[in-house]
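The values are calculated or read from the model by the stated rules, or taken from the named source; none is laboratory data. If you're wondering where the values come from, they're calculated on a predicted model, not measured in any experiment. We place every Cβ from the backbone using ideal geometry, glycine too, and count neighbours over all the protein chains shown.
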Amino acid sequence: MRIRAEITSKYINDTDRKTAVVANALAHPFRVALVRYLSTKNCGEGVDNVTCNKDLVQMFDYSQSTISQHVKILKEAGLFLTESHEKFTFYTLNKPLLDEFRGFLKL
């Protein structure tokens with residue numbers, strides 16, 4: 001989370017903080033595109049909805065290091081879940097967290 005100082009108030013709860021973390025992670029258009037890509041890949045179902053950096057480099061016109069920096073922010077926010085196999089790290093979308101975020105925005 002990139003909030004400079006902890007904000008304390010009796011009106012700010014854990015849900016507010018969690019929502020701010022996800023909103024901050026989605027504050028860049030490329031990260032929104034990455035989330036959209038994973039959510040629509042094979043309709044988000046089954047084994048084919050996972051991806052690795054190699055796939056993302058082929059899909060998007062960015063360097064591997066740039067993609068890794070954006071993926072790191074999404075991982076830190078909990079939006080991307082990772083699983084390592086040999087020399088590859090595969091990413092899946094944390095749909096429950098994304099659904100929770102969507103629900104909070106419908107207030």
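Leu107 falls short on exactly one of the conditions (1) closer than 21 Å to Asn24 by Cβ; (2) in contact with a helix residue (DSSP H, G or I) (Cβ under 8 Å, 6 or more places away or on another chain); (3) modelled with pLDDT under 85, and that condition is (2). In segment 21-52, the qualifying residues are those that are polar (S, T, N, Q) and surrounded by 13 or more Cβ atoms within 10 Å (Cβ to Cβ), and the one that is modelled with the highest pLDDT is Asn24. Screening segment 53-88 for residues that are assigned to a strand (DSSP E or B) and of a type in the set (Phe, Trp, Tyr) and picking the one that is surrounded by the most Cβ atoms within 10 Å (Cβ to Cβ) gives Phe80. Taken over segment 1-20, the criterion of being out of contact with any helix residue (DSSP H, G or I) (no Cβ under 7 Å at 6 or more places or on another chain) and either at pLDDT 75 or above or surrounded by 10 or more Cβ atoms within 10 Å (Cβ to Cβ) (or both) is satisfied by Ile7, Ser9, Lys10, Tyr11, Ile12, Asn13, Asp14, Asp16, Arg17, Lys18, Ala20.
Remark: pairs (first residue in segment 85-96, over 16 Å from His70 (Cβ atoms); second residue among the basic types (Lys, Arg); Cβ separation under 9 Å; 6+ apart in sequence or on different chains) = Phe88/Lys54.
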